[in-house]
1. Taking a ≥ b ≥ c as the square roots of the eigenvalues of the Cα gyration tensor of segment 57-101, is the shape rounded (a/c under 1.5), prolate (a/b larger than b/c) or oblate?
2. Work out the charge dipole of the chain with +1 on the Cβ of Lys and Arg and -1 on the Cβ of Asp and Glu about the Cα centre, then indicate which of SER145, ALA318, LEU249 is farthest towards its positive end.
3. How big is the charge dipole of the chain about its Cα centre, in debye rounded to the nearest 20, if each Lys and Arg gets +1 on its Cβ and each Asp and Glu gets -1 on its Cβ?
4. Once the dipole of segment 49-144 is set up with Lys and Arg at +1 and Asp and Glu at -1 on Cβ about the Cα centre, which of THR109, LEU49, LEU80 lies farthest towards its positive end?
5. ARG317 versus VAL47, label points 7 Å from Cα toward the beta carbon: distance in nm?
6. Of (1) 5, 23, 32, 26, 12, 2, 0; (2) 5, 21, 27, 22, 16, 7, 1, 0; (3) 5, 19, 29, 27, 12, 5, 2, 0, which is the value of P(r) over Cα pairs in 10 Å bins from 0, in percent derived from the coordinates here?
7. So how exposed is SER145, as accessible area in Å² (1.4 Å probe, rounded to 10)?
8. At 1.4 Å probe size, with the rest of the protein present, what percent of the exposed accessible area of segment 45-86 is carbon and sulfur atoms?
Amino acid sequence: MSAAERRRTKAGREPGGGARVPAAGAAPAAPPSWRDPWAWVSVLAIVPLVLHSLGAPLGEPVADDFDHLRYALFSPHNWLDGGGSQSFWRPLAYQGYFGLLAKVFITTTTVVVVLHLSMLALAVLLLYRTARRFMPAPWAAAAASFPLLVESARALITVPVHFVDVGLLLFSALAIHEAAASRLPGALLALLAALLCKESAVATAIVLPLLVPARKGPLAGRGRWIASVAAVTAVWALVYVAVRKSNGLILPRGLESSLGGLGATLWERSRWAVSGTLRALFSLPAIGSRWERPLLVAMGLLAAAAAACFWRSAAARARFARVAPIV
């Protein structure tokens, strides 16, 4: 091999001058987001969201908003209390967001819509860029835009207090994006911000180490990630419990009444929490409904069909293995 050929090989070219063949099944490199039409397709999912929300008094403070507005405008500022809430410690949302923009929310309601739409669009773009590492552009666009196309998404732009969910989505998307790029400090900071918006970010913490590119084995290079993510989540949880106890915070509207009080076992509480979460994911009420059984049957049939497909087809299993982290 000549010196020129060796230089081309080192630069990522094959000896014959052709491009190096990418790893089997790897998604081709994405262009910059502003030149990627599928990135624009993902972000433009906010258009049907807006159209589906027209007619509602968008940005008008209601219900819990008044508790947080009153706190931000008239109460001493304290990061270690409910920020106007009697139930939750979400300081980045209640003390931070409302403390910064309380007067604007009262005078200019369109600010809420613009801010929330902008943050949602950024979250979708981050999800797209992450998914693009694992799958083709059309698939990545479909996966990234899904959060904006579910029925309950239109609630996110209606009132200021829903920043708890918008912030959860944005900072979780950023944490996932940073983890897929193996950037630990950025991922941890984004995870902490998501946790300080809403407790559901514990789910984000669980998946972050899975997104870190593998080296020689499933856990190679991920021990540091697992330890760091666990430490951040544990510290947040300890402070959260301490704030709840010191301020007497309790879940609102008797949500735990069906458990029979504080004497419920861990199994009963876990089953109650998982059941309620699954219903919420599909916009079903907390109590049983007539749509619950058909939904469970449909989901079971889909799961069975997918399992049969993977069992019968090695190619399907290979495809799933490539996208498993982002799934």
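1. Details: a/c = 1.76, a/b = 1.56, b/c = 1.13.
The shape class here is prolate.
2. ALA318
3. On the way: 32 positive and 15 negative charges, 343 e Å.
Computed about the Cα centre, the dipole is about 1640 debye.
4. In segment 49-144, that residue is LEU49.
5. Here the modelled spin labels are 4.3 nm apart.
6. (3)
7. Number for this one is 10 Å².
8. Working: 1630 of 2540 Å².
Of the solvent-accessible surface of segment 45-86, carbon and sulfur hold 64 percent.
The values are calculated or read from the model by the stated rules, or taken from the named source; none is laboratory data. Remember, it's a predicted structure, so these values are computed and weren't measured experimentally. A quick note on method: Cβ atoms are made from the backbone with ideal geometry, for glycine too, and the neighbour counts reach across all protein chains shown. Ligands, DNA and RNA are excluded from the accessible area calculation, which covers all protein heavy atoms including side chains. Shrake-Rupley method; radii C 1.70, N 1.55, O 1.52, S 1.80 Å.
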